[in-house]
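Quick notes on the structure that follows.
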Amino acid sequence: MAIGRGLDALFSSNVVSQGTEVAEININLVEPRPEQPRKRFDREQLQTLADSIAQHGVIQPIIVVKSGEGYKIIAGERRWRAAKTAGLKTIPAIVRDYDELAAAEISLIENLQRENLNPIEEALGYKMLMEQFGLTQENVSAKVGKSRSAVANTLRLLSLDEEIKDMLEAGTISTGHARALLAISDRDTRMEAAKKAESGVLTVRQTESYTSAGKRAKKKEQKQEYPDVAEKLEKKLGTRVRITGEEKGRIEISFYSLEDLIRIVEILESK
């Protein structure tokens with residue numbers, strides 16, 4: 001089932017029931033699925049939706065499945081959270097009869113179609129489909145309507161350091177930055193580049209160049225003298241600085257584009 005066909009196609013497939021009756025369900029009997037791919041919810045946006053719901057109600061019903069005495073959310077967790085914040089006692093819902101695989105697929109696809117997932121949540125969704133249901137990357141690719149290479153590249157993001165994954169989830173670095181960082185094998189260099197990308201010093205292209213520069217620097221295996229001085233210069237210039245030699249030596253200031261060089265020169269010339 002490809003994502004391009006939309007949720008309507010999934011709802012009419014032979015893995016779900018055909019009922020579309022909307023029921024008002026006690027909101028306290030509803031809870032998210034633990035496997036729900038989306039984990040982060042912007043508080044400000046959630047409050048805005050809650051204010052709208054308080055005034056107009058929940059316009060689009062959520063989708064749930066029966067679970068014991070209650071219900072598990074398949075699609076619409078954000079609406080459910082906002083409705084609770086707004087103080088609603090019941091919420092409109094359509095109760096479906098999905099098997100576990102169909103529920104997982106629809107939950108992931110609903111979020112992908114709404115562009116609600118950050119890259120790490122998306123990768124975890126793909127991983128869950130593969131690990132829990134034995135799907136291959138090709139299977140996942142067909143179900144979400146993306147190329148196998150796109151799925152593979154997204155899954156690779158899970159191998160990043162936890163600190164970098166946090167940056168990516170928070171949106172302080174882009175997916176392009178994260179993919180460039182994957183090419184840096186040395187952790188210290190990778191973290192250094194990530195922090196510079198997060199602070200806005202490095203563009204994606206500059207991060208890719210930083211990878212090459214880091215590899216060259218590692219090959220030289222030069223001893224870093226006066227590390228405190230180098231660190232102060234790096235903070236001021238926003239780039240890698242190496243100091244070699246003791247009484248006499250050399251200061252190496254790295255730049256990653258003509259614009260980066262001009263920026264550094266302007267800092268050095270400023271009083």
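The values are calculated or read from the model by the stated rules, or taken from the named source; none is laboratory data. Just so it is clear, the structure is predicted and the values come from calculations on it, not from any experiment. Neighbour counts are summed over all protein chains in view; Cβ atoms, including those assigned to glycine, are modelled from backbone coordinates with ideal geometry. Quick note on the areas: whole protein, heavy atoms, side chains included, nothing else; ligands and nucleic acids left out. Shrake-Rupley method; radii C 1.70, N 1.55, O 1.52, S 1.80 Å.
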*asked:* Let me confirm something: among I106, I91, which residue is in contact with a Lys or Arg (Cβ under 8 Å, 6 or more places away or on another chain) and open to solvent by less than 40 Å² (accessible area, probe 1.4 Å)?
replied: I91
*With the condition kept exactly as written, say whether any residue in the stretch 165-176 is over 30 Å from P34 (Cβ atoms) and either in a helix (DSSP H, G or I) or touching a residue at least 60 places away in the same chain (Cβ under 8 Å) (or both).*
yes
_Restricting the stretch 21-33 to residues that are open to solvent by 30 Å² or more (accessible area, probe 1.4 Å) and farther than 13 Å from I74 by Cβ, the residue that is modelled with the lowest pLDDT_ = E21
*Subset of the stretch 45-68 that is loosely packed, with under 13 Cβ neighbours inside 10 Å and among the small types (G, A, S) - its residue that is nearest to L108 (Cα to Cα)*: G68
*Exactly one condition in (1) farther than 21 Å from D260 by Cα; (2) at pLDDT below 90 is not met by T154; state its number.*
(2)
*Do we find that E24 is assigned to a strand (DSSP E or B), touching a Pro at 6+ places or on another chain (Cβ under 8 Å) and charged (D, E, K, R) in this structure?*
yes
*asked:* Suppose the filter is over 22 Å from L160 (Cα atoms) and open to solvent by 50 Å² or more (accessible area, probe 1.4 Å); does K84 pass it?
replied: yes
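Each row is one residue, and each column tells you yes or no for (1) at pLDDT 80 or above; (2) over 20 Å from A197 (Cα atoms); (3) assigned to a helix (DSSP H, G or I).
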| residue | (1), (2), (3) |
| --- | --- |
| A230 | yes, no, yes |
| L233 | yes, no, yes |
| K236 | yes, no, yes |
| I243 | yes, yes, no |
| I251 | yes, yes, no |
| Y256 | no, no, no |
| D260 | no, no, yes |
| I264 | yes, no, yes |
| L268 | yes, yes, yes |
*Could you figure out which of (1) closer than 26 Å to G171 by Cβ; (2) among the acidic types (D, E); (3) modelled with pLDDT under 85; (4) open to solvent by 80 Å² or more (accessible area, probe 1.4 Å) isn't true of E247?*
(1)
*asked:* Can you confirm whether D186 is within 30 Å of K165 (Cα to Cα), at pLDDT 80 or above and loosely packed, with under 12 Cβ neighbours inside 10 Å?
replied: no
_Hits in the stretch 156-175 - residues which are touching a helix residue (DSSP H, G or I) at 6+ places or on another chain (Cβ under 6 Å) and open to solvent by 30 Å² or more (accessible area, probe 1.4 Å)_ = L158, E169, T172, T175
